[in-house]
Structures are given as structure tokens and as C-alpha cells.
Amino acid sequence: MAAFEKLLSPITIGSHTLPNRVILPSMGSNLADGQGNVTPAMLAYYRARAAGRPGLLVVEAACVHHSGKVIDRNFMAHDDALIPGMAKLAAAVKEQGSLPILQLIHGGRNAHPRLVGEAMAPSALRGPTSHATPRAMTVIEIEAMIQAFARAAWRAMEAGFEGVEIHGGHEYLVHEFITPYANKRQDAYGGDLKRRARFAVEVIQAVRRAAGPQALISFRLSGDDHVAGGMGPEEAAATAKLLVPAGVDLISVTGGVYETPSMVVPPVPVPPGVHVAAARRVRQAVEVPVAGVGRIRNAPEAEAALEGLDMVAVGRAFVADPQWLNQAAQGGGGGVRPCIGCNQGCIDKVLFGAPISCVSNPWVGLEVQAEQLKPATKPITAVVVGGGLSGAEAATTLGRLGHRVVLFEAEEELGGQVRLACLPPGKQEFRGMIDFYRQALSELPNVEVRLGTKATVGAVCKINPQAVVVAAGSEPILPDLPGAGDAPLVTARQVLSGEVEVGYKVAVMGGGNLGSEVAHYLATRGHDVCIIELGLGIGNDLGPARRYHMRRELAKYKVRRYIRAKVRRLFENKVSFLHTRPDGSRQLTYVEPVDTFVSALGAKPNEKLFLALEPKVNAIFLVGDAMSPAGLGQAAAEGLRAALEINRLAEEGALDAPPKGPAC
């Protein structure tokens with residue numbers, strides 16, 4: 001208790017006393033159905049998070065009106081028919097010991113026109129995500145929307161939620177009224193701060209009347225828009241002073257708008273607690289509890305953030321491992337799957353319509369299966385080749401189910417490509433995934449890890465496994481270009497691993513995730529770097545927040561970027577490429593001098609061992625980069641799927657037959 005004394009201490013908010021100072025904030029899951037109803041997957045997902053015992057659990061943003069949908073499977077609270085499903089969700093959270101409130105939202109100009117038709121907003125300003133211009137709301141529409149928030153709050157209370165949170169940040173409708181960046185009205189709902197805040201004040205008042213005096217009402221406030229013409233910390237504090245008398249019990253301070261996505265959901269390497277300072281400024285202005293947020297990853301960071309604040313909101317850490325808080329309360333902390341701040345599964349995929357997932361924890365979104373899974377009754381012997389994310393997850397899952405596992409890893413350390421992924425600036429915390437698997441595997445007596453041991457057909461067959469998972473990774477691609485044989489050409493992996501010396505002037509071929517990161521890595525070490533990319537932009541395979549941050553970093557370090565550029569030839573000290581201009585005209589361009597060429601053009605699967613073993617083994621699975629190089633996004637998930645399929649086959653007795661091929 002002493003280590004996290006404030007974090008684990010109770011707090012009273014309104015008429016509710018919470019056992020600790022931790023909030024699980026609203027995070028969209030895309031687990032609702034197409035009509036916005038609760039699904040079994042959504043119930044299981046929230047049961048798992050609530051079992052982690054956050055004092056306050058804010059269920060993901062529920063749209064108060066059909067015109068406010070942002071994503072395909074937005075949770076909805078706009079119709080009485082949704083109350084039974086909402087009630088199941090509230091009950092599921094309460095059963096695990098957390099206090100549930102429901103976040104209410106309208107997307108405003110960021111509602112997707114494909115889902116809602118013409119969007120509505122305070123002013124007719126083009127939406128940064130919808131790329132459409134909304135209709136400026138009339139006063140009658142404003143009054144109707146206030147009542148939509150009130151009716152949604154009433155539904156939440158009818159369903160058994162203990163309160164609601166009004167989303168007043170991130171450039172959604174309520175925030176669009178408050179911030180001068182999005183509100184250009186000159187009537188009673190625009191102009192000075194008091195008039196811009198009027199919509200929010202009237203929403204709070206209506207919600208309080210509908211929800212009742214005992215309801216916990218939270219307001220998510222933008223403490224800093226981080227955009228020119230937006231709201232800063234001082235105006236946020238002044239806004240909070242206007243909102244509290246309307247009926248707010250708690251203010252949760254966030255930041256950023258869609259034009260500054262790395263502030264909305266801060267990715268690695270944005271520092272932890274990025275919005276805490278703004279929250280402290282708000283706390284100085286009001287007498288109600290205030291919560292801070294912003295890439296807070298663990299209990300020590302959460303405890304530190306509480307200085308000058310009352311509560312701390314921790315989102316992605318609860319996605320990666322719902323048990324992190326329980327572990328901290330019990331004096332542990334080891335064995336927790338870390339949030340690495342990549343945003344790939346929890347943010348990027350959700351924004352593009354897929355269910356929530358997690359690079360670090362492949363069980364996210366599969367909580368129904370996790371609840372139904374039981375220890376193996378027919379344990380078998382399995383071999384896993386490769387100790388990267390895919391192989392380590394396969395071995396961990398099989399081991400935890402009770403199967404005997406032998407894991408071969410050619411290097412002296414687990415991790416595979418993660419060992420390189422954690423080398424670029426700000427990505428050191430990716431190593432947390434290696435630490436997790438190292439500890440998890442060391443705790444399984446039925447799993448043997450053979451480090452520094454290359455798997456061969458003979459070595460695998462000697463174990464006589466009933467199933468094999470090949471996660472042998474991939475090999476980088478070197479371009480087949482004229483002059484490549486005589487040029488100082490190396491791969492991005494060689495650069496990051498320190499295998500090669502790199503000259504001062506560097507040309508990186510390929511401007512995706514890998515190329516951007518190796519260019520950034522070299523630029524921060526004083527090299528003069530350019531990127532040559534065939535596509536239309538740099539970092540286009542990154543999600544919005546990481547792409548925005550990476551492009552800013554490359555500009556900061558003066559990395560020259562050539563897009564729509566096809567490399568034609570390498571020379572000893574220069575490169576030629578065909579550059580297509582925006583008007584469609586083309587020009588043969590040279591960059592010189594170049595001391596080192598770096599290939600970041602992808603990789604090819606290493607499937608040789610799989611092909612050799614396939615005729616000899618009853619059940620064999622190719623996963624990760626060995627199947628199709630695709631980065632870290634699906635690596636652990638593919639290892640998990642292979643392990644679950646092996647377990648299913650074993651339980652059905654399908655792996656009892658002798659090997660199908662000749663003896664090794």
C-alpha cells in the first residue's frame with residue numbers, strides 16, 4: 001500500500017465512494033453490433049477490464065443521436081430499445097466490483113457522412129476526418145440535441161449505470177461548441193467563452209435533471225487543443241469554472257484535436273502524462289475532483305500523476321493487461337503485458353472499422369473464448385521454432401494450457417524483430433514485450449526454451465512432436481537494381497543492429513514504417529538523410545497519430561523526403577530515381593553524394609524449415625513473418641491462433657495418430 005498510497009486510497013465523488021483513484025476512461029471497441037447494441041463479445045471485454053478493479057469504469061462513447069456516429073459499430077444510447085443490452089453491460093461491470101458510468105457523445109463534424117449523411121456542427125467548417133462540410137446547427141436543432149443528451153442519460157440510469165460522462169473533448173460536438181477553433185458562430189452559442197460554453201452548460205443541466213441528484217456526472221474537458229486558434233490551459237480552466245455549477249461532479253482533462261492526433265491518443269514516443277500539467281491547472285480553478293490522463297502506463301506513473309490531482313485515467317494499459325492494477329495492489333508488477341503505445345490495435349484498427357485488438361495482448365477482443373477455455377485434458381508435445389512474438393505467444397499459450405513445449409531460438413535472447421523495433425528513438429519500451437514473455441515462459445515448468453539453438457529437421461524430429469509451429473521470421477529484401485552490386489548497400493536491419501558502419505550521407509529506399517524509423521534513427525545520430533519512397537506519402541502504413549508524430553520528427557531533423565519516386569540505378573556514390581510531380585510530369589533526379597544506401601523495402605518469409613517438416617508432421621503451422629512479413633501488428637495474434645488450433649485438435653484426439661511422413 002505504501003508504494004502507491006494515493007493511487008490505492010478511496011475517494012468520494014458526489015454521492016459515491018470509490019475504492020481507488022483509477023479511472024478506466026472511455027475507449028471505443030467496435031464490439032457493438034451494427035445497430036449499436038451490446039454483444040456477447042462486448043460484455044466479455046468489459047467483464048475482463050472490470051475484473052482489474054478500476055475505481056471508476058467509463059463505458060465507451062455512446063451516441064445520443066443517430067446523426068453522431070463516428071465509426072461503423074458505434075455503441076448507441078439514442079433509443080429505449082437499447083436499454084436491456086445496456087443493463088447487461090452495467091450489471092457485468094458491477095459484478096466485478098467497479099462503478100460503471102456511460103460516456104455520452106455526438107460526433108459533430110467528425111461524424112462519418114457514410115453513416116449519417118450530412119453531419120451537423122456549430123459551424124460549417126470542413127471535418128478533418130470526414131473531409132465533408134457539415135451543416136451549421138440551428139437553435140432549434142441545438143435545443144433538440146440538448147434533449148437527446150438528456151434522454152440518453154435517462155436511459156443509462158434506467159439501465160443501472162451510476163452516472164454518465166459528457167464527452168467535451170477531441171473535437172466532437174460539445175467540444176466544437178466550446179473551442180474557438182471550431183465555433184465561429186455569432187449568436188447566443190458563439191463568440192466569447194461564456195457563449196461558446198453555453199451549449200455544454202445546458203447539456204450538463206439537462207443531463208443532471210434527467211439522471212437525478214445521485215448520479216455521478218463527469219465531464220471530459222480539453223485542457224489544451226494543441227492547435228493554432230484552439231483552447232489552451234488557461235481557457236480550459238476558465239471553462240471548467242463555468243461547467244461545475246451546472247452540475248458536474250468530476251472533470252477528466254484530456255487534450256488534442258483530430259489535426260493533432262498524437263495528442264488525442266498519444267503514441268510512443270510522446271512522454272507519459274502529457275496532459276497532466278493542463279489537468280493540474282484546471283484543478284486550481286475548481287473545487288470538484290479532477291483527473292489527469294495521457295499515456296500513463298503503470299502504477300508508478302499513475303501515482304506520480306496524482307500529485308496535485310484527485311484521480312488518474314489509464315486506458316490502454318487496461319487494454320493490454322486488465323490485471324495491472326491488481327498486481328500493483330498486491331505488491332507485484334512483474335508478468336504484466338505492457339502497453340507499448342503503438343496504437344495499432346486499440347486505436348488505428350478501431351478507426352478503420354475493425355474490432356479492438358492489441359499488439360501486446362492477442363487475447364483482446366477474444367474474451368469470450370478466454371472465458372470458455374479450459375486446461376488441456378489430452379496434453380501433447382509441441383515444438384515452436386522461433387522466439388519472436390509469434391513463437392513466444394504460441395509457446396506461452398500452449399504451456400499455460402498444459403502441453404509440453406520445446407522452443408528453439410537461434411539467437412541468445414527472445415524477441416525476434418522486437419529487439420530491433422525497440423532501437424529507434426522513443427521505442428525502448430517495446431522491450432517490455434520481450435521481458436513479459438521471458439518471465440512468462442520461465443514460470444512454466446513444462447516449457448523448455450533452447451536459446452542459441454538453431455532448429456533443424458533432425459533436431460525437431462528427435463523430439464517427436466505431435467505439432468509444430470514455425471515462426472522462423474523473415475529475411476530482408478535487397479533491391480535488384482542496376483549498380484546494386486557495386487554500391488555501398490545495406491539493409492535497415494543491419495543498420496539498427498549495429499552490424500555495419502554507416503556513412504554521413506545516407507539514402508533510405510522505402511518510406512514506410514521501417515524506412516521512416518531507420519531514417520529518424522540515423523538523423524538523430526547526426527547523419528544527413530534522405531528518404532526515397534515510391535508511394536504518395538511517408539509513413540502511410542502508420543496509424544494517424546504515429547504518422548503525424550513521425551512526419552514532424554523527420555521535418556525537425558531535416559530529413560529530405562522524395563515521394564512518387566522510383567529508384568532507377570545505384571552508383572558508387574549517388575542514386576537516380578524517376579520523380580513524378582503533382583502535375584503528372586516526370587523528371588529523372590539524382591541525389592549525390594551518397595555514402596550509404598539503406599534498403600527498407602520489406603522482407604521475404606523464411607519458410608524453408610516449414611517446407612521440409614510439412615511432410616513429416618501431422619499438424620504444422622506457419623505464423624508471423626515466416627508466413628507473411630507484416631510487422632508486429634498480427635505477430636502475437638497468429639501465434640495465439642496456432643496454439644488454440646493445436647489445443648483444439650489435441651482435445652479432439654486428432655493428434656493421436658503416428659507421424660504421417662517417414663522417420664527423420
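The values are calculated or read from the model by the stated rules, or taken from the named source; none is laboratory data. Keep in mind it's a predicted model, so treat the numbers as computed, not measured. Don't worry about glycine lacking a Cβ; one is built from the backbone with ideal geometry, like all the others, and counts go over all protein chains shown.
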If we keep just the residues of region 435-482 that are crowded, with 21+ Cβ neighbours inside 10 Å and free of Cβ contacts under 8 Å to residues at least 60 places away in the same chain, which is nearest to residue 618 (Cα to Cα)? 447
If you check residue 322 against the conditions, is it crowded, with 24+ Cβ neighbours inside 10 Å and part of a loop (DSSP other than H, G, I, E, B)? yes
Flagged pairs (Cβ under 6 angstrom, 6 or more apart or on separate chains; first in region 377-395, touching a residue at least 12 places away in the same chain (Cβ under 8 Å) and in a helix (DSSP H, G or I); second surrounded by 24 or more Cβ atoms within 10 Å (Cβ to Cβ) and charged (D, E, K, R)) are 390/638
Please verify whether region 326-342 includes one or more residues that are under 13 Å from residue 7 (Cα atoms) and either of a type in the set (A, V, I, L, M) or assigned by TED's automatic domain parsing to the domain that holds residue 398 (or both). yes
Assess whether residue 504 counts as being touching a residue at least 40 places away in the same chain (Cβ under 8 Å), more than 24 Å from residue 342 (Cβ to Cβ) and not small (Gly, Ala, Ser). yes
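Residue-by-condition table, conditions (1) modelled with pLDDT under 95; (2) in contact with a helix residue (DSSP H, G or I) (Cβ under 6 Å, 6 or more places away or on another chain); (3) surrounded by 24 or more Cβ atoms within 10 Å (Cβ to Cβ):
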residue: 138; (1), (2), (3): no, no, no
residue: 153; (1), (2), (3): no, yes, yes
residue: 165; (1), (2), (3): no, no, yes
residue: 169; (1), (2), (3): no, yes, yes
Does region 231-240 contain at least one residue that is touching a Gly at 6+ places or on another chain (Cβ under 8 Å), acidic (Asp, Glu) and modelled with pLDDT of 95 or more? no
Search result, residues across region 371-388 that are among the charged types (D, E, K, R) and under 19 Å from residue 618 (Cα atoms): 378
Region 46-69, residues that are part of a helix (DSSP H, G or I) and either among the charged types (D, E, K, R) or within 30 Å of residue 145 (Cα to Cα) (or both): 46, 47, 49, 66, 67, 68
In region 529-540, residues that are surrounded by fewer than 17 Cβ atoms within 10 Å (Cβ to Cβ) and either charged (D, E, K, R) or touching a Ser or Thr at 6+ places or on another chain (Cβ under 8 Å) (or both) total 0
Of the candidates 345, 365, the one satisfying the condition of being crowded, with 18+ Cβ neighbours inside 10 Å, at pLDDT 95 or above and farther than 30 Å from residue 616 by Cβ is 365
What single numbered condition from (1) buried (at least 21 other Cβ atoms within 10 Å of the Cβ); (2) in contact with a strand residue (DSSP E or B) (Cβ under 7 Å, 6 or more places away or on another chain); (3) farther than 21 Å from residue 463 by Cβ; (4) of a type in the set (A, V, I, L, M) fails to hold for residue 632? (2)
Any residue at all in region 492-506 that's surrounded by fewer than 17 Cβ atoms within 10 Å (Cβ to Cβ), of a type in the set (A, V, I, L, M) and either touching a helix residue (DSSP H, G or I) at 6+ places or on another chain (Cβ under 6 Å) or not in a helix (DSSP H, G or I) (or both)? yes
Contact list, first residue from region 197-221 and part of a loop (DSSP other than H, G, I, E, B), second anywhere and of a type in the set (Val, Ile, Thr), beta-carbon distance below 7 Å, six or more apart or interchain, is 197/178; 197/239; 215/164
Some residue of region 586-602 being of a type in the set (Val, Ile, Thr) and closer than 30 Å to residue 399 by Cβ: no
Have a look at 642, 619, 630 and point out the one that is within 34 Å of the chain's Cα centre (by Cα) and under 30 Å from residue 530 (Cβ atoms). 630
Check region 399-407 and report whether any residue there is in the same structural domain as residue 638 (by TED's automatic domain parsing), part of a loop (DSSP other than H, G, I, E, B) and modelled with pLDDT of 95 or more. yes
Which of the residues spanning region 157-191 are over 22 Å from residue 291 (Cα atoms) and touching a residue at least 60 places away in the same chain (Cβ under 8 Å)? 158, 159, 160, 181, 182, 183, 184, 185, 189, 190
When only residues in region 553-569 that are free of Cβ contacts under 8 Å to residues at least 40 places away in the same chain and not in a strand (DSSP E or B) count, which is surrounded by the most Cβ atoms within 10 Å (Cβ to Cβ)? 554
What about residue 423, is it more than 30 Å from residue 269 (Cα to Cα) and not in a helix (DSSP H, G or I)? no
Tell me the residue from 188, 148, 124, 144 that is surrounded by fewer than 17 Cβ atoms within 10 Å (Cβ to Cβ) and in a helix (DSSP H, G or I), please. 144
Looking at the structure I just gave you, is residue 49 touching a strand residue (DSSP E or B) at 6+ places or on another chain (Cβ under 9 Å), among the basic types (Lys, Arg), in the same structural domain as residue 358 (by TED's automatic domain parsing) and surrounded by 17 or more Cβ atoms within 10 Å (Cβ to Cβ)? yes
For region 325-340, give me each residue that is touching a residue at least 60 places away in the same chain (Cβ under 8 Å), crowded, with 24+ Cβ neighbours inside 10 Å and part of a loop (DSSP other than H, G, I, E, B). 336, 337, 340
Which condition from (1) modelled with pLDDT of 95 or more; (2) touching a helix residue (DSSP H, G or I) at 6+ places or on another chain (Cβ under 6 Å); (3) not aliphatic (A, V, I, L, M) is the one that residue 474 breaks? (1)
Go through region 242-263 residue by residue and tally those that are at pLDDT 95 or above and of a type outside the set (A, V, I, L, M). 7
Please count how many residues of region 9-27 are assigned to a loop (DSSP other than H, G, I, E, B), farther than 17 Å from residue 50 by Cβ and either touching a strand residue (DSSP E or B) at 6+ places or on another chain (Cβ under 9 Å) or among the aliphatic types (A, V, I, L, M) (or both). 3
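Could you list, in sequence order, the residues of region 369-382 that are of a type in the set (A, V, I, L, M) and buried (at least 16 other Cβ atoms within 10 Å of the Cβ)?
376, 380, 382
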